[in-house]
Amino acid sequence: MPLASYKFSISCALLLALCMPGMVHAEVIARKSISYFDIMGSTADELDAALNQRGPLAMGSSSHHPGATRIRFGGSATYSEADGRCYISGVKVTVDTEIILPRWRDRRHANKQLSVIWDTLAADIRRHENRHVEIARQHAREMERQILSLPSAKDCDALQEKANEVTARETERHDADQARFDRIEAINFQNRLQRLLYYRSRQNSRQ
């Protein structure tokens with residue numbers, strides 16, 4: 001069935017704090033939650049219309065989507081001073097993700113063919129959104145690595161500015177990677193869904 005392109009929204013805040021000298025420590029905390037929105041329908045057209053009417057709104061868009069992933073980066077960096085220099089002594093990056101998926105409430109009224117189509121589509125939506133989560137986690141780990149590897153600076157204000165630059169740069173790269181993934185998925189969607197439907201139908205016919 002026709003499907004709008006996947007979208008996600010992101011807000012980013014990396015909070016930097018100053019502390020006493022200590023051992024270098026790095027940590028990435030990744031948290032994921034899943035929520036659902038209900039749709040009704042007993043035909044493919046009705047399901048498609050329900051997704052377009054009730055799906056989540058992406059940030060900056062007025063169109064609804066069949067699934068979404070909300071992403072929020074946060075964290076802290078700590079600093080220590082020794083011999084007139086400022087060093088990174090710890091980094092903690094957090095990435096919170098919420099996957100929003102459709103839940104079909106009228107399945108009992110539908111025929112087997114529509115159920116196969118829905119199961120195939122729902123699995124592809126979930127896979128797609130989980131990939132958004134993994135992309136976000138990859139960039140969180142890279143953000144942590146880059147901040148931790150920053151060389152010392154003459155003072156902590158200068159080092160904090162460098163850490164902020166890393167944060168901004170890696171956030172831009174994250175956004176670009178997410179957008180690139182969506183573009184590729186949109187181009188391949190019809191062929192991918194047809195291929196998945198074919199394999200799922202063959203599996204069902206063997207049971």
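The values are calculated or read from the model by the stated rules, or taken from the named source; none is laboratory data. Bear in mind that the values here come from a model prediction, so they are computed numbers and not experimental data. Note: ideal-geometry Cβ built from the backbone for every residue, glycine included; neighbour counts use all protein chains shown. What goes into the accessible areas is simple: the full protein's heavy atoms, side chains included, and nothing from ligands, DNA or RNA. Shrake-Rupley method; radii C 1.70, N 1.55, O 1.52, S 1.80 Å.
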Counting only residues in segment 37-61 that are within 20 Å of the chain's Cα centre (by Cα) and at pLDDT below 85, the one most open to solvent (accessible area, probe 1.4 Å) is identified as MET59
Reported set for segment 100-135 where residues are loosely packed, with under 15 Cβ neighbours inside 10 Å and not in a helix (DSSP H, G or I) is ARG103, ARG105, ASN111
Per the list (1) within 29 Å of ASP182 (Cβ to Cβ); (2) in contact (Cβ under 8 Å) with a residue 12 or more places away in the chain; (3) surrounded by fewer than 20 Cβ atoms within 10 Å (Cβ to Cβ); (4) among the aliphatic types (A, V, I, L, M), residue check on ALA168 breaks on (2)
Exercise for review: Would you check if ASP177 is surrounded by fewer than 20 Cβ atoms within 10 Å (Cβ to Cβ) and under 17 Å from the mean Cα position of the chain (by Cα)?
Suggested key: yes
inquiry  = If I filter segment 146-164 for residues that are under 30 Å from TYR36 (Cα atoms), in contact (Cβ under 8 Å) with a residue 40 or more places away in the chain and not in a loop (DSSP other than H, G, I, E, B), do I get at least one hit?
reply    = no
When every residue in segment 180-194 that is crowded, with 16+ Cβ neighbours inside 10 Å and farther than 12 Å from HIS132 by Cβ is compared, the one farthest from the chain's Cα centre (by Cα) is LEU193
Selection from segment 70-125 of residues touching a Leu at 6+ places or on another chain (Cβ under 8 Å) and on the phi > 0 side of the Ramachandran plot yields GLY75
* Asked: Going by the conditions given, is ILE29 under 30 Å from SER149 (Cβ atoms) and either in contact with a Pro (Cβ under 6 Å, 6 or more places away or on another chain) or at pLDDT 90 or above (or both)?
  -> yes
When (1) out of contact with any strand residue (DSSP E or B) (no Cβ under 6 Å at 6 or more places or on another chain); (2) assigned to a strand (DSSP E or B); (3) polar (S, T, N, Q) are applied to THR97, the one that fails is (1)
Checked pairs for segment 96-108, first closer than 23 Å to ALA44 by Cα, second aromatic (Phe, Trp, Tyr) and in a strand (DSSP E or B), C-beta under 8 Å and 6 or more apart or across chains, list as ILE100/TYR36; ILE100/PHE37; LEU101/TYR36; LEU101/PHE37; PRO102/TYR36; PRO102/PHE37; ARG103/TYR36; ARG103/PHE37
Considering segment 136-165, residues that are farther than 20 Å from VAL95 by Cα and among the charged types (D, E, K, R), and then whichever is least open to solvent (accessible area, probe 1.4 Å), we arrive at ASP155
Residue count, segment 71-85, condition part of a strand (DSSP E or B) and either crowded, with 21+ Cβ neighbours inside 10 Å or among the small types (Gly, Ala, Ser) (or both), comes to 9
